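First up is the structure itself, then whatever we jot down about it.
Quick note: the coordinates plus some simple rules give every number you see, no bench work behind them. As the structure is a prediction and not an experimental result, all values here were calculated from the model. Positions of Cβ are backbone-derived with ideal geometry, glycine not excepted, and every protein chain shown enters the neighbour counts.
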Amino acid sequence: MGRVALVTGGTRGIGLGIVERLKADGFRVAAGYAGNEEAAKACADRLGVMIVKGNVGDFEDCQRAVAEVEAKLGPVDVLVNNAGITRDAMLHKMTPQQWNEVIFVNLASIFNMSRQVIEGMRERGYGRIINISSINGQKGQMGQTNYSAAKAGVIGFTKALAQETAAKGITVNCVAPGYIDTEMVTAVPQNVLDRIVAGIPVGRLGKAEEIAACVAFLAREDASFITGATLTVNGGQHMAG
């Protein structure tokens, strides 16, 4: 049987693309979601994967969700920390709630989820943790101090944990997407979207399946010599060194 993969935020957008690709690659996949029951049901019905509801910003709820996945599918071999939200505002207008919600869902969740699987991975001598950051965690973005801070923190977390686990057969890597053709991006006003696309050298938005292909590569057993890396996937919009 295939290895077990758990993808947070896995029933829509980039996460759904990742779930679909990992399922196609032979993984037994669980897709996490926060509350959109319709999207979760559609994901389960179309792809035949397990869905698990939970709040990634809450440690105990993550513990419960991972236990459900492992009871049904087995120990988690691949964790993809993809769940994320935006609560955009200029800092001088940002509320503590807007700040805290983004930090908890986008950054604290990386600890909450990774902590649930790391001991088992260490005991088994194998694991893949793949964290989804963002172009805006690399270059910053006006109106997104909360989001940019969280996504930059994801990169730092990745580098630190990679050093802790390298000798245990566990790789920890990061994918930093640019602007991808998802509901979140296409919901912005058209004039803003036009300016975004104009700043992308390849001349278009990225596709969820292109991010999924990067995740699938890092999830492979033969990607074992890559750890602590950030794979930048943004059409040339920001060329991080």
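Data overview
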{"quantity": "Neighbourhood net charge (13 Å Cβ-Cβ; Lys/Arg +1, Asp/Glu -1) for residue 143", "calculated": "+1"}
{"quantity": "Interchain or long-range residues, amide H under 5 Å from residue 50's placed H", "calculated": "29, 31"}
{"quantity": "Ratio of the Cα radius of gyration of the chain to 2.2 N^0.38 Å, where N counts its residues", "calculated": "0.96"}
{"quantity": "Under 5 Å, built H, 5+ apart or other chain: amide partners of residue 133", "calculated": "175, 176"}
{"quantity": "Ellipticity estimate at 222 nm from DSSP helix runs (n ≥ 4, -39,500 (n - 2.57)) divided over the chain, nearest 500", "calculated": "-14500 deg cm²/dmol"}
{"quantity": "Local electrostatic count, residue 204, Cβ distance below 15 Å [Lys/Arg +1, Asp/Glu -1]", "calculated": "-2"}
{"quantity": "Dipole moment magnitude, nearest 20 debye, the chain about Cα centre, only Lys, Arg, Asp, Glu C-beta charged", "calculated": "300 debye"}
{"quantity": "Two-site label geometry, residue 64 and residue 34: point separation in nm, points 7 Å out along Cα→Cβ", "calculated": "1.7 nm"}
{"quantity": "Cβ-defined net charge surrounding residue 161, 15 Å radius [Lys, Arg +1; Asp, Glu -1]", "calculated": "+3"}
{"quantity": "Under-5 Å amide H pairs with residue 4, H placed in peptide plane, nonlocal only", "calculated": "28, 77, 78"}
{"quantity": "Extent along principal axes [Cα atoms of the range 1-124; Å; largest to smallest]", "calculated": "53, 34, 20"}
{"quantity": "Charge dipole (the chain, unit charges on Cβ, about Cα centre) - positive-most of 106, 32, 148", "calculated": "148"}
